[in-house]
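Structure first, commentary second.
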Amino acid sequence: MERLVERLEKAVERLETVCQGPGMCGEGSSKGVAQYVQAFDALLAGPVAEYIKISKEVGGDVQKHAEMVHAGLMSERALLVVASQHQQPAENAFSALLKPISEQIQVVQNFREKNRGSKLFNHLSAVSESIPALGWVAMAPKPGPYVKEMTDAAMFYTNRILKEYKDVDKKQVDWVKAYLSIWTELQAYIKEYHTTGLTWSKTGPVATEGAKAPSAAPAGAAPPPPGPPPPPAPMSSSTDDSASRSALFAQINRGEGITSGLRHVSDDMKTHKNPALKNQGGPIRSGPKPFTAPKPACNANPSQATSPKAPPLLELEGKKWRVENQENATNLVISDTELKQVAYVFKCTNSTLQIKGKINSIIIDNCKKLGLVFDDVVGIVEIINSRDVKVQVMGKVPTISINKTDGCHVYLSKSSLDCEIVSAKSSEMNVLIPTEGGDFTEFPVPEQFKTVWNGQKLVTTVTEIAG
(Lines give C-alpha, C1' and ligand atoms only; values in the text may rest on other atoms or scores of the structure.)
Protein backbone atom coordinates (compact mmCIF):
# COMPACT_ATOMS: atom_id res chain seq x y z
CA MET A 1 0.00 0.00 0.00
CA GLU A 2 2.85 2.42 0.88
CA ARG A 3 4.55 1.64 -2.43
CA LEU A 4 1.33 2.45 -4.33
CA VAL A 5 1.00 5.79 -2.54
CA GLU A 6 4.60 6.69 -3.46
CA ARG A 7 3.89 5.88 -7.10
CA LEU A 8 0.78 8.08 -7.05
CA GLU A 9 2.72 10.97 -5.50
CA LYS A 10 5.44 10.72 -8.15
CA ALA A 11 2.79 10.68 -10.87
CA VAL A 12 1.18 13.81 -9.43
CA GLU A 13 4.55 15.58 -9.25
CA ARG A 14 5.22 14.82 -12.91
CA LEU A 15 1.76 16.09 -13.87
CA GLU A 16 2.31 19.32 -11.95
CA THR A 17 5.67 19.80 -13.67
CA VAL A 18 4.30 19.22 -17.16
CA CYS A 19 0.96 21.01 -16.99
CA GLN A 20 0.94 24.78 -16.52
CA GLY A 21 -2.82 25.11 -16.12
CA PRO A 22 -6.19 23.60 -17.10
CA GLY A 23 -5.98 22.45 -20.68
CA MET A 24 -2.46 23.93 -21.14
CA CYS A 25 0.49 21.58 -21.22
CA GLY A 26 4.03 21.82 -22.51
CA GLU A 27 4.68 21.05 -26.15
CA GLY A 28 6.61 17.92 -25.27
CA SER A 29 3.58 16.30 -23.66
CA SER A 30 0.89 17.66 -25.94
CA LYS A 31 2.27 16.04 -29.05
CA GLY A 32 -0.10 13.29 -30.11
CA VAL A 33 -2.40 13.79 -27.09
CA ALA A 34 -5.90 15.17 -27.59
CA GLN A 35 -6.67 18.50 -25.97
CA TYR A 36 -9.43 17.07 -23.81
CA VAL A 37 -7.07 14.38 -22.50
CA GLN A 38 -4.59 17.12 -21.55
CA ALA A 39 -7.41 18.99 -19.77
CA PHE A 40 -8.29 15.83 -17.85
CA ASP A 41 -4.61 15.49 -16.86
CA ALA A 42 -4.81 19.02 -15.48
CA LEU A 43 -7.80 17.98 -13.38
CA LEU A 44 -5.79 15.02 -12.06
CA ALA A 45 -2.86 17.29 -11.23
CA GLY A 46 -5.09 19.85 -9.51
CA PRO A 47 -8.20 18.90 -7.47
CA VAL A 48 -7.48 15.14 -7.53
CA ALA A 49 -3.89 15.58 -6.34
CA GLU A 50 -5.07 17.86 -3.51
CA TYR A 51 -7.73 15.32 -2.48
CA ILE A 52 -5.17 12.48 -2.42
CA LYS A 53 -2.72 14.61 -0.44
CA ILE A 54 -5.25 15.52 2.27
CA SER A 55 -6.64 11.97 2.35
CA LYS A 56 -3.12 10.72 3.08
CA GLU A 57 -2.89 13.19 5.96
CA VAL A 58 -6.25 12.00 7.34
CA GLY A 59 -5.01 8.41 6.89
CA GLY A 60 -6.76 5.14 7.67
CA ASP A 61 -9.80 4.15 5.65
CA VAL A 62 -9.99 7.57 3.99
CA GLN A 63 -6.51 7.14 2.51
CA LYS A 64 -7.32 3.64 1.21
CA HIS A 65 -10.58 4.91 -0.28
CA ALA A 66 -8.78 7.77 -2.03
CA GLU A 67 -6.41 5.31 -3.73
CA MET A 68 -9.43 3.41 -5.06
CA VAL A 69 -11.01 6.64 -6.34
CA HIS A 70 -7.75 7.55 -8.08
CA ALA A 71 -7.67 4.14 -9.74
CA GLY A 72 -11.19 4.78 -11.07
CA LEU A 73 -10.14 8.17 -12.46
CA MET A 74 -7.14 6.58 -14.18
CA SER A 75 -9.46 3.99 -15.76
CA GLU A 76 -11.55 6.88 -17.01
CA ARG A 77 -8.47 8.60 -18.42
CA ALA A 78 -7.61 5.41 -20.33
CA LEU A 79 -11.10 5.46 -21.91
CA LEU A 80 -10.68 9.13 -22.87
CA VAL A 81 -7.42 8.29 -24.65
CA VAL A 82 -9.18 5.48 -26.55
CA ALA A 83 -12.03 7.85 -27.52
CA SER A 84 -9.56 10.47 -28.74
CA GLN A 85 -7.96 7.95 -31.12
CA HIS A 86 -10.96 5.86 -32.24
CA GLN A 87 -14.39 6.32 -33.71
CA GLN A 88 -17.45 5.48 -31.63
CA PRO A 89 -17.87 1.69 -31.31
CA ALA A 90 -20.91 -0.55 -31.37
CA GLU A 91 -22.95 -0.94 -28.21
CA ASN A 92 -21.45 -4.26 -27.06
CA ALA A 93 -17.88 -3.05 -27.61
CA PHE A 94 -18.61 0.17 -25.72
CA SER A 95 -20.00 -1.80 -22.77
CA ALA A 96 -16.77 -3.80 -22.66
CA LEU A 97 -14.73 -0.58 -22.67
CA LEU A 98 -16.80 0.72 -19.75
CA LYS A 99 -16.22 -2.39 -17.67
CA PRO A 100 -12.99 -1.24 -15.90
CA ILE A 101 -14.73 1.92 -14.71
CA SER A 102 -17.78 -0.05 -13.59
CA GLU A 103 -15.55 -2.47 -11.69
CA GLN A 104 -13.73 0.31 -9.87
CA ILE A 105 -17.01 2.01 -8.89
CA GLN A 106 -18.06 -1.29 -7.34
CA VAL A 107 -14.71 -1.59 -5.51
CA VAL A 108 -15.21 1.85 -3.95
CA GLN A 109 -18.78 1.10 -2.87
CA ASN A 110 -17.92 -2.35 -1.51
CA PHE A 111 -15.18 -0.85 0.65
CA ARG A 112 -17.76 1.32 2.37
CA GLU A 113 -20.11 -1.59 2.97
CA LYS A 114 -17.30 -3.66 4.50
CA ASN A 115 -16.32 -0.83 6.87
CA ARG A 116 -19.62 0.32 8.34
CA GLY A 117 -18.03 0.36 11.78
CA SER A 118 -15.33 2.82 10.68
CA LYS A 119 -14.94 6.06 12.65
CA LEU A 120 -14.75 7.80 9.28
CA PHE A 121 -17.91 6.19 7.92
CA ASN A 122 -19.35 9.56 6.82
CA HIS A 123 -16.26 10.11 4.65
CA LEU A 124 -16.64 6.67 3.09
CA SER A 125 -20.35 7.26 2.51
CA ALA A 126 -19.80 10.64 0.83
CA VAL A 127 -17.39 9.04 -1.64
CA SER A 128 -19.49 5.91 -2.15
CA GLU A 129 -22.67 7.88 -2.91
CA SER A 130 -20.98 10.13 -5.48
CA ILE A 131 -18.48 7.81 -7.18
CA PRO A 132 -21.08 6.70 -9.82
CA ALA A 133 -20.36 10.14 -11.34
CA LEU A 134 -17.51 8.37 -13.16
CA GLY A 135 -20.24 6.85 -15.33
CA TRP A 136 -20.83 10.21 -17.10
CA VAL A 137 -18.92 8.80 -20.10
CA ALA A 138 -21.98 6.63 -20.86
CA MET A 139 -24.55 9.38 -20.32
CA ALA A 140 -26.06 11.27 -23.23
CA PRO A 141 -27.17 13.90 -23.92
CA LYS A 142 -26.66 15.44 -20.44
CA PRO A 143 -23.56 14.04 -18.72
CA GLY A 144 -22.93 17.27 -16.79
CA PRO A 145 -26.27 17.28 -14.91
CA TYR A 146 -25.72 13.59 -14.12
CA VAL A 147 -22.44 14.40 -12.37
CA LYS A 148 -24.17 17.16 -10.41
CA GLU A 149 -26.90 14.75 -9.34
CA MET A 150 -24.28 12.31 -8.02
CA THR A 151 -22.48 15.17 -6.23
CA ASP A 152 -25.70 16.21 -4.52
CA ALA A 153 -26.05 12.66 -3.22
CA ALA A 154 -22.80 13.14 -1.27
CA MET A 155 -23.93 16.38 0.38
CA PHE A 156 -25.91 14.62 3.11
CA TYR A 157 -22.70 13.05 4.42
CA THR A 158 -20.32 15.95 3.73
CA ASN A 159 -22.63 18.21 5.73
CA ARG A 160 -22.37 15.74 8.59
CA ILE A 161 -18.57 15.92 8.42
CA LEU A 162 -18.62 19.72 8.39
CA LYS A 163 -20.98 19.79 11.35
CA GLU A 164 -18.81 17.38 13.34
CA TYR A 165 -15.39 18.89 12.57
CA LYS A 166 -16.13 22.53 11.73
CA ASP A 167 -14.57 23.94 14.90
CA VAL A 168 -12.49 20.88 15.79
CA ASP A 169 -10.32 19.77 12.88
CA LYS A 170 -9.69 22.06 9.90
CA LYS A 171 -8.07 19.20 7.98
CA GLN A 172 -11.43 17.41 7.77
CA VAL A 173 -13.07 20.56 6.42
CA ASP A 174 -10.31 20.90 3.82
CA TRP A 175 -10.90 17.26 2.85
CA VAL A 176 -14.57 17.97 2.11
CA LYS A 177 -13.69 21.01 -0.01
CA ALA A 178 -10.99 19.11 -1.92
CA TYR A 179 -13.23 16.13 -2.64
CA LEU A 180 -16.25 18.15 -3.79
CA SER A 181 -14.01 20.32 -5.99
CA ILE A 182 -13.17 17.22 -8.08
CA TRP A 183 -16.77 16.89 -9.22
CA THR A 184 -17.23 20.65 -9.60
CA GLU A 185 -14.20 20.83 -11.89
CA LEU A 186 -15.35 17.71 -13.72
CA GLN A 187 -18.69 19.39 -14.51
CA ALA A 188 -16.83 22.38 -15.99
CA TYR A 189 -14.59 20.00 -17.95
CA ILE A 190 -17.61 18.12 -19.37
CA LYS A 191 -19.35 21.37 -20.29
CA GLU A 192 -16.31 22.45 -22.34
CA TYR A 193 -15.34 19.19 -24.04
CA HIS A 194 -18.21 16.66 -23.81
CA THR A 195 -21.40 18.75 -23.53
CA THR A 196 -23.78 16.17 -25.01
CA GLY A 197 -21.76 13.03 -24.33
CA LEU A 198 -18.31 11.52 -24.68
CA THR A 199 -16.53 12.98 -27.72
CA TRP A 200 -15.10 10.37 -30.09
CA SER A 201 -12.55 10.87 -32.84
CA LYS A 202 -13.87 11.51 -36.35
CA THR A 203 -10.95 9.60 -37.82
CA GLY A 204 -9.03 6.48 -36.93
CA PRO A 205 -10.34 2.93 -36.57
CA VAL A 206 -13.63 2.09 -34.87
CA ALA A 207 -13.03 1.24 -31.22
CA THR A 208 -13.33 -2.42 -30.33
CA GLU A 209 -13.42 -4.39 -27.12
CA GLY A 210 -9.65 -4.82 -27.25
CA ALA A 211 -8.92 -1.12 -27.83
CA LYS A 212 -6.57 0.20 -25.18
CA ALA A 213 -4.81 3.39 -24.30
CA PRO A 214 -1.00 3.47 -24.66
CA SER A 215 0.64 1.35 -21.98
CA ALA A 216 2.67 4.35 -20.74
CA ALA A 217 0.46 7.28 -19.75
CA PRO A 218 1.88 10.64 -20.90
CA ALA A 219 1.91 11.96 -17.34
CA GLY A 220 3.59 8.86 -15.93
CA ALA A 221 0.53 7.98 -13.88
CA ALA A 222 0.50 4.64 -12.11
CA PRO A 223 -1.88 2.04 -13.53
CA PRO A 224 -4.90 1.18 -11.38
CA PRO A 225 -4.63 -1.95 -9.23
CA PRO A 226 -6.60 -4.97 -10.45
CA GLY A 227 -10.19 -5.11 -9.23
CA PRO A 228 -12.48 -7.99 -8.30
CA PRO A 229 -14.48 -10.02 -10.86
CA PRO A 230 -16.59 -7.66 -13.00
CA PRO A 231 -20.08 -6.81 -11.71
CA PRO A 232 -22.92 -5.84 -14.07
CA ALA A 233 -22.11 -2.51 -15.69
CA PRO A 234 -24.49 0.12 -14.22
CA MET A 235 -24.24 2.32 -17.29
CA SER A 236 -25.33 -0.25 -19.90
CA SER A 237 -28.96 0.85 -20.02
CA SER A 238 -28.02 4.38 -20.97
CA THR A 239 -25.84 3.18 -23.84
CA ASP A 240 -28.98 1.85 -25.54
CA ASP A 241 -30.45 5.36 -25.55
CA SER A 242 -27.13 6.79 -26.74
CA ALA A 243 -26.95 4.37 -29.67
CA SER A 244 -30.54 5.05 -30.76
CA ARG A 245 -30.04 8.82 -30.53
CA SER A 246 -26.84 8.56 -32.56
CA ALA A 247 -28.69 6.66 -35.29
CA LEU A 248 -31.47 9.29 -35.33
CA PHE A 249 -29.01 12.20 -35.54
CA ALA A 250 -27.11 10.43 -38.32
CA GLN A 251 -30.34 10.31 -40.37
CA ILE A 252 -31.17 13.96 -39.66
CA ASN A 253 -27.66 15.12 -40.59
CA ARG A 254 -28.13 13.73 -44.11
CA GLY A 255 -29.88 17.01 -44.96
CA GLU A 256 -31.74 16.92 -48.26
CA GLY A 257 -30.49 13.41 -48.86
CA ILE A 258 -32.89 12.12 -46.21
CA THR A 259 -35.72 12.21 -48.81
CA SER A 260 -33.78 10.25 -51.41
CA GLY A 261 -35.43 6.98 -50.40
CA LEU A 262 -39.02 8.31 -50.62
CA ARG A 263 -41.32 7.16 -53.42
CA HIS A 264 -42.71 9.78 -55.79
CA VAL A 265 -46.53 10.08 -55.85
CA SER A 266 -47.96 11.18 -59.20
CA ASP A 267 -51.23 13.12 -59.62
CA ASP A 268 -53.20 10.05 -60.73
CA MET A 269 -52.36 8.43 -57.39
CA LYS A 270 -53.63 11.35 -55.24
CA THR A 271 -57.20 10.91 -53.95
CA HIS A 272 -57.97 14.65 -53.85
CA LYS A 273 -57.19 14.88 -57.61
CA ASN A 274 -58.66 11.49 -58.51
CA PRO A 275 -61.92 10.93 -56.47
CA ALA A 276 -62.48 7.52 -58.09
CA LEU A 277 -59.72 6.09 -55.92
CA LYS A 278 -61.87 6.67 -52.83
CA ASN A 279 -64.53 4.26 -54.07
CA GLN A 280 -62.12 1.36 -54.48
CA GLY A 281 -62.28 -1.47 -51.99
CA GLY A 282 -60.22 -1.63 -48.83
CA PRO A 283 -60.35 0.26 -45.57
CA ILE A 284 -60.14 4.04 -45.64
CA ARG A 285 -58.05 5.61 -42.90
CA SER A 286 -59.04 9.15 -42.04
CA GLY A 287 -56.31 9.69 -39.48
CA PRO A 288 -54.14 8.04 -36.88
CA LYS A 289 -55.60 5.32 -34.72
CA PRO A 290 -56.80 6.36 -31.27
CA PHE A 291 -54.54 5.41 -28.39
CA THR A 292 -55.13 1.99 -26.88
CA ALA A 293 -53.26 0.46 -23.98
CA PRO A 294 -50.74 -2.08 -25.27
CA LYS A 295 -51.56 -5.69 -24.55
CA PRO A 296 -49.02 -7.55 -22.46
CA ALA A 297 -46.79 -9.66 -24.68
CA CYS A 298 -46.83 -13.39 -24.16
CA ASN A 299 -43.54 -14.79 -22.99
CA ALA A 300 -42.60 -18.25 -24.07
CA ASN A 301 -40.72 -18.70 -20.83
CA PRO A 302 -42.90 -17.59 -17.87
CA SER A 303 -39.94 -17.67 -15.52
CA GLN A 304 -38.35 -14.81 -17.46
CA ALA A 305 -41.44 -12.60 -17.32
CA THR A 306 -41.20 -12.00 -13.60
CA SER A 307 -38.14 -12.69 -11.54
CA PRO A 308 -38.84 -15.04 -8.65
CA LYS A 309 -39.13 -13.54 -5.19
CA ALA A 310 -36.08 -13.85 -3.03
CA PRO A 311 -36.63 -16.14 -0.03
CA PRO A 312 -37.20 -14.54 3.40
CA LEU A 313 -34.10 -14.44 5.54
CA LEU A 314 -33.29 -13.96 9.22
CA GLU A 315 -29.79 -15.11 10.06
CA LEU A 316 -26.50 -14.03 11.62
CA GLU A 317 -23.71 -13.71 9.06
CA GLY A 318 -20.46 -12.96 10.84
CA LYS A 319 -21.31 -9.90 12.92
CA LYS A 320 -24.29 -8.86 10.77
CA TRP A 321 -27.89 -9.87 11.40
CA ARG A 322 -29.58 -10.08 7.99
CA VAL A 323 -33.36 -9.66 7.95
CA GLU A 324 -34.46 -9.65 4.31
CA ASN A 325 -37.56 -10.12 2.13
CA GLN A 326 -39.94 -10.70 5.05
CA GLU A 327 -43.65 -10.23 4.25
CA ASN A 328 -46.54 -10.18 6.74
CA ALA A 329 -44.23 -11.44 9.49
CA THR A 330 -45.40 -9.92 12.78
CA ASN A 331 -43.27 -11.84 15.26
CA LEU A 332 -39.66 -11.46 14.09
CA VAL A 333 -37.28 -11.43 17.09
CA ILE A 334 -33.50 -11.09 17.42
CA SER A 335 -32.53 -11.86 21.01
CA ASP A 336 -29.01 -13.25 21.12
CA THR A 337 -27.20 -9.96 20.42
CA GLU A 338 -23.70 -8.66 21.11
CA LEU A 339 -22.26 -5.15 21.22
CA LYS A 340 -20.21 -5.54 18.02
CA GLN A 341 -23.12 -6.81 15.93
CA VAL A 342 -25.15 -4.80 13.41
CA ALA A 343 -28.59 -5.44 11.95
CA TYR A 344 -29.45 -4.90 8.28
CA VAL A 345 -33.18 -4.96 7.48
CA PHE A 346 -33.85 -5.02 3.72
CA LYS A 347 -37.04 -5.18 1.64
CA CYS A 348 -39.37 -6.18 4.46
CA THR A 349 -43.07 -5.42 4.04
CA ASN A 350 -45.91 -5.26 6.57
CA SER A 351 -43.75 -6.85 9.26
CA THR A 352 -42.62 -6.26 12.85
CA LEU A 353 -39.10 -6.81 14.18
CA GLN A 354 -37.93 -6.73 17.81
CA ILE A 355 -34.22 -6.55 18.67
CA LYS A 356 -33.37 -7.33 22.28
CA GLY A 357 -30.19 -6.37 24.09
CA LYS A 358 -27.48 -3.91 23.05
CA ILE A 359 -26.32 -3.73 19.41
CA ASN A 360 -23.90 -1.54 17.45
CA SER A 361 -26.17 -0.19 14.70
CA ILE A 362 -29.35 -0.85 12.73
CA ILE A 363 -30.03 -0.11 9.06
CA ILE A 364 -33.52 -0.19 7.53
CA ASP A 365 -33.38 -0.15 3.72
CA ASN A 366 -36.21 -0.36 1.16
CA CYS A 367 -38.89 -1.39 3.66
CA LYS A 368 -42.63 -0.65 3.69
CA LYS A 369 -44.99 -0.71 6.65
CA LEU A 370 -42.31 -1.96 9.00
CA GLY A 371 -42.39 -1.76 12.79
CA LEU A 372 -39.07 -1.86 14.66
CA VAL A 373 -38.69 -2.11 18.44
CA PHE A 374 -35.21 -2.22 19.96
CA ASP A 375 -33.54 -1.85 23.37
CA ASP A 376 -30.17 -0.10 22.98
CA VAL A 377 -28.01 0.99 20.05
CA VAL A 378 -24.55 2.43 20.68
CA GLY A 379 -24.06 3.80 17.15
CA ILE A 380 -26.77 4.88 14.73
CA VAL A 381 -30.16 3.78 13.43
CA GLU A 382 -30.46 4.55 9.67
CA ILE A 383 -33.74 4.52 7.76
CA ILE A 384 -33.18 4.73 3.97
CA ASN A 385 -35.49 4.55 0.92
CA SER A 386 -38.45 3.36 2.96
CA ARG A 387 -42.13 4.15 3.53
CA ASP A 388 -44.45 4.00 6.54
CA VAL A 389 -41.88 2.95 9.13
CA LYS A 390 -42.44 3.02 12.90
CA VAL A 391 -39.46 2.87 15.22
CA GLN A 392 -39.71 2.56 19.02
CA VAL A 393 -36.72 3.02 21.32
CA MET A 394 -37.01 1.14 24.62
CA GLY A 395 -33.54 2.09 25.90
CA LYS A 396 -31.01 4.55 24.44
CA VAL A 397 -29.80 5.55 20.99
CA PRO A 398 -27.51 8.53 20.19
CA THR A 399 -28.50 9.16 16.55
CA ILE A 400 -31.35 8.32 14.19
CA SER A 401 -30.89 9.12 10.48
CA ILE A 402 -33.89 9.36 8.13
CA ASN A 403 -33.04 9.64 4.43
CA LYS A 404 -35.31 9.41 1.34
CA THR A 405 -38.20 8.10 3.43
CA ASP A 406 -41.90 9.02 3.36
CA GLY A 407 -43.80 8.42 6.57
CA CYS A 408 -41.69 7.76 9.64
CA HIS A 409 -42.78 7.72 13.30
CA VAL A 410 -40.09 7.64 15.99
CA TYR A 411 -41.17 6.75 19.54
CA LEU A 412 -38.51 7.85 22.02
CA SER A 413 -38.08 6.54 25.55
CA LYS A 414 -37.42 8.81 28.53
CA SER A 415 -33.76 7.80 28.53
CA SER A 416 -33.33 8.61 24.81
CA LEU A 417 -34.69 12.17 24.77
CA ASP A 418 -31.21 13.50 23.94
CA CYS A 419 -31.19 11.51 20.67
CA GLU A 420 -30.08 13.47 17.59
CA ILE A 421 -32.42 13.02 14.62
CA VAL A 422 -30.97 13.86 11.20
CA SER A 423 -33.27 13.91 8.16
CA ALA A 424 -32.87 14.60 4.44
CA LYS A 425 -35.16 14.26 1.40
CA SER A 426 -37.92 12.83 3.59
CA SER A 427 -41.53 13.71 4.45
CA GLU A 428 -44.28 12.94 6.97
CA MET A 429 -41.87 12.49 9.87
CA ASN A 430 -43.06 12.61 13.47
CA VAL A 431 -41.28 12.20 16.79
CA LEU A 432 -43.37 11.01 19.74
CA ILE A 433 -42.26 12.04 23.24
CA PRO A 434 -43.43 10.07 26.32
CA THR A 435 -45.51 11.86 28.97
CA GLU A 436 -45.77 11.25 32.70
CA GLY A 437 -49.03 9.38 32.21
CA GLY A 438 -47.45 6.83 29.87
CA ASP A 439 -48.91 8.30 26.67
CA PHE A 440 -47.02 9.98 23.84
CA THR A 441 -47.17 13.53 22.52
CA GLU A 442 -46.58 13.79 18.78
CA PHE A 443 -44.32 16.47 17.24
CA PRO A 444 -43.85 16.82 13.45
CA VAL A 445 -40.32 17.15 12.05
CA PRO A 446 -40.06 20.31 9.86
CA GLU A 447 -39.95 19.74 6.13
CA GLN A 448 -40.06 23.33 4.87
CA PHE A 449 -37.45 26.02 5.47
CA LYS A 450 -36.93 29.69 4.70
CA THR A 451 -33.50 31.02 3.72
CA VAL A 452 -32.55 34.71 3.57
CA TRP A 453 -29.33 36.66 3.04
CA ASN A 454 -28.52 38.85 6.06
CA GLY A 455 -25.72 40.75 4.34
CA GLN A 456 -22.96 38.39 5.40
CA LYS A 457 -24.28 34.85 5.16
CA LEU A 458 -27.37 32.75 4.45
CA VAL A 459 -29.68 32.30 7.43
CA THR A 460 -32.10 29.38 7.36
CA THR A 461 -35.11 29.06 9.66
CA VAL A 462 -37.97 26.60 9.92
CA THR A 463 -41.20 27.65 8.22
CA GLU A 464 -44.21 26.89 10.39
CA ILE A 465 -47.25 25.87 8.35
CA ALA A 466 -50.62 26.37 9.97
CA GLY A 467 -52.83 23.34 9.56
In vacuo Debye sum over C-alpha of region 152-199, base-10 log of normalised intensity I(q)/I(0) at q = 0.23, 0.26, 0.27, 0.29 Å⁻¹, listed in q order, is -0.79, -0.89, -0.93, -1.01
What the 5 Å binned alpha carbon P(r) of region 121-177 shows, as percent of pairs per bin from 0, is 4, 21, 25, 18, 14, 10, 6, 2, 1
Taking every alpha carbon pair in region 33-194 and sorting the distances into 10 angstrom bins from 0 up to the bin holding the longest one, the percent per bin comes out as 10, 40, 34, 13, 2, 0
Along region 63-71, Karplus-curve 3J(HN,Hα) (6.51, -1.76, 1.60; θ = phi - 60°) to the nearest Hz, with x for Gly and Pro, reads 5, 4, 4, 4, 5, 5, 4, 4, 4
Region 56-84 and region 391-467 have their Cα centres apart by a whole-number Å value of 38 Å
Karplus-derived 3J(HN,Hα) from phi for region 352-362 (6.51 cos²θ - 1.76 cosθ + 1.60, θ = phi - 60°), whole Hz, x at Gly and Pro, runs 10, 10, 10, 10, 9, x, 9, 9, 6, 7, 9
For region 313-462, the Cα convex hull volume per residue in Å³ comes to 122 Å³
Averaged per residue, the 1.4 Å probe accessible area of region 330-374, protein heavy atoms only, in Å², is roughly 47 Å²
Carbon plus sulfur, as percent of the 1.4 Å-probe accessible area of region 33-194, comes to 51 percent
From highest to lowest solvent-accessible area (probe 1.4 Å; ligands, DNA and RNA excluded), Thr405, Thr203, Thr399 read Thr203, Thr399, Thr405
Any trypsin sites (Lys or Arg not before Pro) in region 320-377 that lie in a DSSP loop and have at most 15 other Cβ atoms within 10 Å would be Lys340
Summed over the other residues with a beta carbon less than 12 angstrom from that of Lys319, with K and R at +1 and D and E at -1, the charge totals +3
Given backbone amide H placed at 1.01 Å from N, residues whose amide H is under 5 Å from that of Phe374, ignoring those fewer than 5 places away on the same chain, are Ile355, Gln392, Met394
Between Thr203 and Lys414, the two model label points (7 Å from Cα along the beta-carbon direction) sit apart by a distance in nm of 8.3 nm
Under 5 Å from the placed amide H of Asp388, counting only residues 5+ away or on other chains, we find Lys369, Asp406, Gly407
Net charge (Lys, Arg +1; Asp, Glu -1) of residues whose beta-carbon lies under 10 Å from that of Glu57, Glu57 excluded, is +2
With 0.36 nm assigned to each residue of separation and the Cα-Cα distance removed, Lys356 to Lys114 gains 84.7 nm
For Cys408 the rounded accessible area (nearest 10 Å², probe 1.4 Å, non-protein molecules ignored) is 0 Å²
Length gained, Glu192-Val422, 0.36 nm per residue minus C-alpha separation, equals 79.0 nm
SASA check, Leu370, accessible area w/ 1.4 Å probe, all protein chains in place, rounded to nearest 10 Å², comes out at 10 Å²
Length gained, Val459-Lys309, 0.36 nm per residue minus C-alpha separation, equals 49.2 nm
When every protein chain stays in place and a 1.4 Å probe is rolled, Lys202, Lys163 sorted by accessible area with the largest first are Lys202, Lys163
Sorted by chain and then number, the residues having a modelled amide H within less than 5 Å of the amide H of Thr196, at least 5 places away or on another chain, are none
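The values are calculated or read from the model by the stated rules, or taken from the named source; none is laboratory data. Since we're looking at a predicted model, the values are computed, not measured. Reconstructed Cβ throughout: ideal geometry from the backbone, glycine too, with neighbour counts over all protein chains shown. Just the protein is used for accessible areas: all its heavy atoms, side chains included, with ligands, DNA and RNA removed. Shrake-Rupley method; radii C 1.70, N 1.55, O 1.52, S 1.80 Å.
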